[in-house]
Amino acid sequence: MNSFKLSLRLLYRDLRAGELHVLIFALVISVGGMTTVGFFTDRVQLALSRQGNQLLGADLVIVSDHPLSQRYTGEAVKLGLNTSSSLKFPSMVVKGEDNILVGIKAVTAGYPLRGELRITDDIGKAISFRNDYVANGIPSPGSVWVGEKLAARLALKKGDVIEVGDAHLIVASQITLEPDYSIGFINLGPRLLINAIDLPATGLIQQGSRISYRLLVSGNAGLIRTLRSWLQPNLTSGERILGIRDARPEIKSALERSEKFLSLAAMASVVLAAAAIALAARRFTMRHLDSCAIMRCLGARQNEVLYLYLYHFIILGLVASVMGCLLGLLAQEALVYWLSAMITVELPWPSLFPFIQGILVGLVLLLGFALPPLLNLRSVPALRVLRRDIGVSNAHSLTGYALGFSALAVLFLWKAGDARLGLSVMIGFIVAIVVFGLLGFLLIKAISGVRSKAGGTWKYGLASIWRRANSSVVQVVALGLGLMALLTLTLIRGDLLQNWHTTLPSDAPNHFLVNIQENQLEPLQEFFKQNDVMQPSVYPMVRGRITSINGSIVVPDNYSNTRAQRLLKREFNLSWANEIRSDNQIIDGEWWQAIDKGKTVLSLEQGVAKAIGVKLGDTLTFDIAGSTFSAEVSSIRKVDWDSFRVNFFAVTPPGVLEEYPTSYITSFYLPQDRMDMMSQLVIAFPNFLVIDVATIIAQVQKVIEQVTKAIEFVFLFTLLSGLIVLYAAVISTQDERIHEAAIFRTLGAKRNQLISAWIVEFSILGSLSGLFASMGASALGYAIGRFTLNLPYTFNIWIWLIGLFVGVIGVVAAGMLGTRSALTSPPITVLRRVS
Amino acid sequence: MANSLIINPIVQAISLTKHVKSSDTQLTILQDINLEVSIGEAVSIVGASGSGKSTLLGLLAGLDIPSSGKVYLNGEDIFSLSEDGRAELRGYLLGFVFQSFQLLSVLTAIENVMLPLELTGISDARKIALELLGRVGLEARVNHYPKQLSGGEQQRVAIARAYVTHPKLLLADEPTGNLDSSTGDQIVDLMFELNRERGTTLILVTHDESISSRCTRQIQLASGRIED
């Protein structure tokens, strides 16, 4: 027999008869959903990173404390990448009698490679975004662009001449937005941007000068990766690579978490697709038992029957997956259109990868979850043609589904891109299937046990559930899993957004004041009061350098870790406090009590502890302004650096550091329309170092907002996949239900009686699914949040109510919709059709 | 055809017994059935409901497995064959007509008739099927689906399907059971005509005396035994 040809013909006939609609629908939407998620991770993530790169001014930056080798620029140019360089260093700027320490940045043509540099000609006024514009290039030779604080401190006007080292330079514009502005001591204080051509004339670049050399590179993402891997082995001591993730911890965590969420959404759609396909394939099999029996009766061998439908499914899988990919392509086009308003960088055309991935996923899912019921078709007894009540054994189900789960496991690990996340989700769902199945069976048995006591429609509703016990359990498990995937995503999404909102609220501190002296604390408080701005908390700060660990002298260059080298070469910020800050968390050891006042112990930030290899009980010795101070590490703290609040690497109890030279530091929120206060503050307290992070915060908030929107979009797609599972679940027992309804109606059952019985049945199925889903989602949500996304756990009672509500309403609505034809068509039509 | 050699008797059942287990009791459906059907015979199996008629037919066709006993079809011990071996034997030797027609609902009339030919890989299936549908008087309804056909028309399609492979033996299970008497008569006429034309051996299960009397031999079943 030419199975393939016959299979094609049967496929065509099944298609024509509408037998495959549910399966195709499930497959197209799930592959479409997954492909769209693929585009998100592939394309939008790239765009979001680029958006993030605007904060870096480039796609990749090489930073060094010595002039960079020309080979680096040469290699970048050879790859066809754009380059630009900059030097940053602190120096004095003089205007007449006044002088001030500023952070100078000398740049070459092309700067910035990503993001925009905005300037205004209204020098000396508070930053006004209304009058600024995108700079066309960099300051021309002989001229400088100044930061707001520098303009305020030296009362600069356009055309003023300032002295920078030996050079006399003309003030041309004021900077309003600088893309690669970052927090770091080299950036403290007012800003000055000059053309690198003027550098030699200043005479400031000398041996031993504290200069940060930067090479900025931008271009095609693949080429950037190539350059990065070429650079890694070639970097020398003091040189390091900065990508957006290295430079911005707050963006890094936002991007990483959103990537994980998107992976999770992709996995949820895989679970949903698997559930929908398993249900649809089961229905397909049930509807083809007779055909198989007839074919067996007409002489078809067991394997012929199997191959007939196997080819059927492979062809179907291919066609539906291609359709799904096309849908994904359309969806992503809509996405690009929608994103164009929020992503300013050019989106690269998607690669072929999501298509190949989509088709593979479609085929693997279809074969993985359609094969078990298909294998059972092989063993349909031919005797069924004489006795229709003879069913089919489920002998192959276990092997088949084991195959399906293995396929799902591979897909999970692949889609998750994170073995831990993939494994935890997979184990979560497998445990859920077993638990839902067992609990479902027991509860259905228990519920139906009371049917003899129930009256009227309840009795029939309960009887229906028990009569279809196997189907009911399958429905509850599939619906429970689908809903669980959706609820887990809802939970994680909520936690993620809530977490971002709390770490970066709209009134997050956007200014830091450093170098406040003790005698200035009261005047500063008065200043805030006068200006009607909330008085911020002020923290003491002592600066010290680590000289020995457990009595051994520290030699920074002996550390292979560049971060350790940097940390040990520079001065640390130490502080004291009674209570632990709310954004700090002890991960090892204990915080001190009030009676520990004066005890020489300290709490160290975990990142620092790890970098310099210090653990609980070690003794650190600091050099503080020439004096020696030693303390034992009594606790290791985790600090939420994303919060932009003042935090310290090392904290001691009160009564320990007070004798050392102390200055104070504070951070506060100043609304955009109160920026004028800063000019007054700089004049009133000339020794203060003011760090303005408003721009950074605004940019971080923008990136997070965009990531949030992307997450919402993907979530909608997953929701749609969830609806298909619901449809597939309800329709899986539709034939039986319609047939029974016809018999009931023939026997005189009224419309309302039938409707009530169905509502009872669907409500029970829906509430069981909803409850199981809430249970599973709470557990999985907790595990994912706690162990892979590092989010604090919050118990969510709503998820139980939502699960129950959505389960009941969804299943009842979909169920009633699916069976309504049984109420409208004459029973005889239904009975004839079914027989 | 795979096997054109015809062995006489074409059907031979020896001590055929069938028990089924029902909870804790064992029911005997058929007891020690011995039966021979020669080529060209038309044999009816008659008996009351529950007498085991359909079970016997299922066993003779190799659709079911006996508790003990043997069935030889065209000289072949069918229960010594595998499931697939029996399917292959059915494919070239047997034709079936059922009470409930057993047409595939997704296939049109012609497609249903073509199916056995397609399963055996015959190339001009459509042409042969079309001829046979013409013979049963359905040339105007070839592209109709079963649900668009009346009961009588559906049974004609089933008869066309049964004869399309030129079976040596036709097994019919209450072929008029779902039809009114006048339609039933037409169907029986058609079956006997085709039987004559093609020299097919016929085994027919019925409880209709008038149909039974048209057969060359009647076998009466009662409580799972053949009554002499």
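Can you name the strands (runs of 3 or more DSSP E) wholly within segment B:36-138 that have at least 1 residues being at pLDDT below 90 and more than 14 Å from chain A (Cβ to nearest Cβ)?
B:42-47
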Exercise. Inside segment B:145-189, can you point out the residues that are over 25 Å from B:R126 (Cβ atoms), over 11 Å from the mean Cα position of the chain (by Cα) and of a type in the set (A, V, I, L, M, F, W, C)?
Worked result: B:L179, B:V188
Problem set entry | Residues of segment A:419-441 that turn out to be closer than 22 Å to A:V812 by Cα and either open to solvent by 30 Å² or more (accessible area, probe 1.4 Å) or of a type in the set (S, T, Y) (or both), as a count | 2
For this session: Output yes when any residue across segment B:1-15 is assigned to a strand (DSSP E or B) and over 20 Å from B:L202 (Cα atoms), and no when none is.
Result: yes
Exercise. Could we say that A:L487 is open to solvent by less than 50 Å² (accessible area, probe 1.4 Å), aliphatic (A, V, I, L, M) and modelled with pLDDT of 80 or more here?
Worked result: yes
Problem set entry | B:D180 being acidic (D, E) and open to solvent by less than 30 Å² (accessible area, probe 1.4 Å) | no
Seminar exercise, completed: Pairs returned, first residue in segment A:787-816 that is more than 17 Å from A:A478 (Cβ to Cβ), second residue that is outside any helix (DSSP H, G or I), beta-carbon separation under 6 angstrom, 6 or more apart or interchain, are none
For this session: List the number of the failed condition for A:N499; all other conditions in (1) in a helix (DSSP H, G or I); (2) in contact with a Lys or Arg (Cβ under 9 Å, 6 or more places away or on another chain); (3) open to solvent by 30 Å² or more (accessible area, probe 1.4 Å) hold.
Result: (3)
Exercise. Restricting attention to segment B:78-101, which residues are open to solvent by less than 30 Å² (accessible area, probe 1.4 Å) and within 20 Å of B:N8 (Cβ to Cβ)?
Worked result: B:I78, B:L89, B:R90, B:L93, B:L94, B:G95
For this session: Only residues that are in a loop (DSSP other than H, G, I, E, B), open to solvent by 40 Å² or more (accessible area, probe 1.4 Å) and at pLDDT 90 or above: list them for segment A:62-91, please.
Result: A:L79, A:G80
Exercise. Among all residue pairs at least 6 apart or on different chains, which show Cβ distances below 6 Å where the first residue, located in segment A:577-597, is among the aromatic types (F, W, Y) and the second is not in a helix (DSSP H, G or I)?
Worked result: A:W591/A:I580; A:W591/A:S635; A:W592/A:P653
Exercise. Do the conditions hold for B:L81, that is, is it free of Cβ contacts under 8 Å to residues at least 60 places away in the same chain and more than 20 Å from B:L202 (Cβ to Cβ)?
Worked result: yes
Problem set entry | Residue tally, condition over 24 Å from A:L20 (Cα atoms), of a type outside the set (K, R) and open to solvent by 10 Å² or more (accessible area, probe 1.4 Å), over segment B:102-131 | 8
For this session: Scan segment A:788-834 for residues that are modelled with pLDDT under 75 and within 33 Å of the chain's Cα centre (by Cα) and jot them down.
Result: A:T788, A:L789, A:N790, A:L791, A:P792, A:Y793, A:T794, A:F795
For this session: Could you list, in sequence order, all residues of segment A:643-662 that are in contact with a Ser or Thr (Cβ under 6 Å, 6 or more places away or on another chain) and among the small types (G, A, S)?
Result: A:S643
Exercise. On the given criteria, is A:L113 of a type outside the set (F, W, Y) and either at pLDDT below 85 or in a helix (DSSP H, G or I) (or both)?
Worked result: no
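Hey, any hits in segment B:200-207 for a residue that's surrounded by 14 or more Cβ atoms within 10 Å (Cβ to Cβ), touching a helix residue (DSSP H, G or I) at 6+ places or on another chain (Cβ under 6 Å) and modelled with pLDDT of 90 or more?
There is at least one residue in segment B:200-207 that is surrounded by 14 or more Cβ atoms within 10 Å (Cβ to Cβ), touching a helix residue (DSSP H, G or I) at 6+ places or on another chain (Cβ under 6 Å) and modelled with pLDDT of 90 or more.
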For this session: State all residues of segment B:10-40 that are open to solvent by less than 40 Å² (accessible area, probe 1.4 Å) and not polar (S, T, N, Q); if no residue qualifies, say none.
Result: B:I10, B:V11, B:A13, B:L16, B:K18, B:L30, B:I33, B:L35, B:V37
Exercise. Is it the case that segment B:141-156 has a residue that's in contact (Cβ under 8 Å) with a residue 40 or more places away in the chain, open to solvent by less than 60 Å² (accessible area, probe 1.4 Å), outside any helix (DSSP H, G or I) and within 14 Å of another protein chain (Cβ to nearest Cβ)?
Worked result: yes
For this session: From (1) modelled with pLDDT of 75 or more; (2) open to solvent by less than 30 Å² (accessible area, probe 1.4 Å); (3) of a type in the set (S, T, N, Q), pick out the condition that doesn't hold for A:N470.
Result: (2)
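Could you grab me the full set of residues in segment A:363-392 that are open to solvent by 60 Å² or more (accessible area, probe 1.4 Å) and modelled with pLDDT under 80? Walk me through how you get there before you give the answer.
Within segment A:363-392, the subset open to solvent by 60 Å² or more (accessible area, probe 1.4 Å) is A:378, A:387-389.
Scanning segment A:363-392 gives A:R387, A:R388, A:D389.
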Seminar exercise, completed: Residue pairs within 7 Å by beta carbon, gap of at least six or interchain, first lying in segment A:285-307 and more than 7 Å from every other protein chain (Cβ to nearest Cβ), second crowded, with 24+ Cβ neighbours inside 10 Å and among the basic types (K, R), listed first then second, are A:V305/A:R296
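The values are calculated or read from the model by the stated rules, or taken from the named source; none is laboratory data. All figures in this text were calculated on a predicted structure; none of them were measured in a lab. Note that we place each Cβ from the backbone using ideal geometry, even for glycine, and neighbour counts take in every protein chain shown. For the accessible areas, the whole protein counts, side chains as well, though only heavy atoms, and no ligand, DNA or RNA atoms are used. Shrake-Rupley method; radii C 1.70, N 1.55, O 1.52, S 1.80 Å.
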